[in-house]
Amino acid sequence: MLEVKGLTKCYTQLPAVDAVSFTLRPGEVTAYLGPNGSGKSTTMKMLVGLLPPTQGGIFYKGRDIRSQFVEFKRRLGYVPEEPHLYPYLSGWDYLLLVGRLRGIPEPLLEERIERLLHLLSMHSHRHALSASYSRGMRQKILISAALLHDPEVLIFDEPLSGLDVTSALLFRNLLKLLAEQGKIILYSSHVLEVVERLAQRIIILHRGRVVADDSVDNLRQLTQSPSLEGIFSQLVSHDDTEAAAREIIETMQLGAR
């Protein structure tokens, strides 16, 4: 179990993440949603150790991760929002580097890399420099790197970004199987229809605060909305988006005869 208690991150006087608390359980896909700037990626960066929290704590199996950070990192797989790789390394070399840093024995490491690259349709590009990869290709390498050491905790920040339809379908099926294996999974995405199919629990963040933490079915009942899109709109959007869309069209046509 991974517990987040009162997690806060301040860049100025205003908190980007404000006293956020939730619990992630094994065997459950938890979706972490919110509009742009709500604090989702900041939360995830604190969870994986890329940002120090201003206040609050993160606890894995009851222990503060700061007291066992190296051990926690061994059990963690992370796909960041932006697919940055070392441009002068090939996909194969990048995965080899990651695997060696993880301490995976060389023969096993090479076998895992070989199989993952085949399964993600990247094997023929394995020796090309990652600078030549498309966004979707870089995303596949980062997904492979996150899975390489069979982690217990997986944090995915917009993992479908740039993926083709076939790869996105593969990833959705993979996520279900990972949950069935008892992995702890936190999944952030703007693709609400995919989240609705995959997630057992939804956490919605708005202006740095948690405004909902429940199952999709319970949230439907509470908001009397049939879809996750409707739930999301009720909880985080107070603007008339249809009226705003009309105003954009009017602006585009301003002065036209």
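If I ask for residues that are outside any strand (DSSP E or B) and modelled with pLDDT under 90, which ones from segment 12-31 would you list? It would help to see each step written out before you state the result.
Let us first name the residues in segment 12-31 that are outside any strand (DSSP E or B), namely 12-14, 25-27.
Result: THR12, GLN13, LEU14.
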Count of residues meeting criterion [more than 19 Å from the chain's Cα centre (by Cα), under 24 Å from GLU152 (Cβ atoms) and not in a helix (DSSP H, G or I)] in segment 72-110: 4
Evaluation of ARG63 against (1) touching a strand residue (DSSP E or B) at 6+ places or on another chain (Cβ under 9 Å); (2) more than 23 Å from PRO15 (Cβ to Cβ); (3) loosely packed, with under 15 Cβ neighbours inside 10 Å (one fails), failing number: (1)
Close pairs from segment 236-248: first under 19 Å from HIS190 (Cβ atoms), partner modelled with pLDDT under 70 and of a type in the set (Ser, Thr, Tyr), Cβ under 8 Å, at least 6 apart: THR241/SER233
Residue check, ARG220 out of contact with any Ser or Thr (no Cβ under 6 Å at 6 or more places or on another chain), charged (D, E, K, R), modelled with pLDDT under 80 and in a loop (DSSP other than H, G, I, E, B): no
Matching residues in segment 18-45 - criterion: being touching a helix residue (DSSP H, G or I) at 6+ places or on another chain (Cβ under 7 Å) and either of a type in the set (A, V, I, L, M) or buried (at least 23 other Cβ atoms within 10 Å of the Cβ) (or both): VAL20, VAL29, ALA31, TYR32, LEU33, GLY34
Among (1) closer than 19 Å to VAL195 by Cα; (2) touching a residue at least 40 places away in the same chain (Cβ under 8 Å); (3) crowded, with 18+ Cβ neighbours inside 10 Å - the single one SER130 does not satisfy: (1)
Segment 176-199: number of residues that are modelled with pLDDT under 90, aliphatic (A, V, I, L, M) and surrounded by 15 or more Cβ atoms within 10 Å (Cβ to Cβ): 5
Odd one out for LEU51, checked against (1) in a loop (DSSP other than H, G, I, E, B); (2) farther than 27 Å from LEU178 by Cα; (3) out of contact with any Leu (no Cβ under 9 Å at 6 or more places or on another chain): (2)
Segment 66-81 residues that are farther than 22 Å from GLY136 by Cα, paired with ones that are part of a helix (DSSP H, G or I) (beta carbon under 8 Å, 6 or more apart): PHE72/ILE65
Residue within segment 209-227 that is buried (at least 20 other Cβ atoms within 10 Å of the Cβ), of a type in the set (S, T, N, Q), in contact (Cβ under 8 Å) with a residue 24 or more places away in the chain and more than 24 Å from GLY6 (Cβ to Cβ) present: no
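For segment 62-71, give me each residue that is acidic (Asp, Glu) and part of a strand (DSSP E or B).
Across segment 62-71, the qualifying residue is only ASP64.
Across segment 111-168, which residue is farthest from LYS183 (Cα to Cα) among those that are in a helix (DSSP H, G or I) and of a type in the set (Ser, Thr, Tyr)? First the steps, then the outcome.
Kept after step one, since they are in a helix (DSSP H, G or I), are these residues of segment 111-168: 111-119, 123-125, 130-132, 135-147, 165-168.
Cutting the leftovers down to of a type in the set (Ser, Thr, Tyr) gives us 124, 130, 132, 144, 166-167.
Details: SER124: 30, SER130: 29, SER132: 33, SER144: 16, THR166: 23, SER167: 21 Å.
Filtering first and then ranking leaves SER132.
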Residue match in segment 153-175 (condition: touching a Lys or Arg at 6+ places or on another chain (Cβ under 6 Å) and modelled with pLDDT of 90 or more): yes
Residue tally, condition closer than 30 Å to VAL191 by Cβ and exposed (fewer than 14 other Cβ atoms within 10 Å of the Cβ), over segment 66-111: 4
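The values are calculated or read from the model by the stated rules, or taken from the named source; none is laboratory data. Predicted model only: the values in this text are computed from it and were never measured. Heads up, the Cβs are rebuilt from the backbone with ideal geometry, glycines too, and the neighbour counts pull from every protein chain shown.
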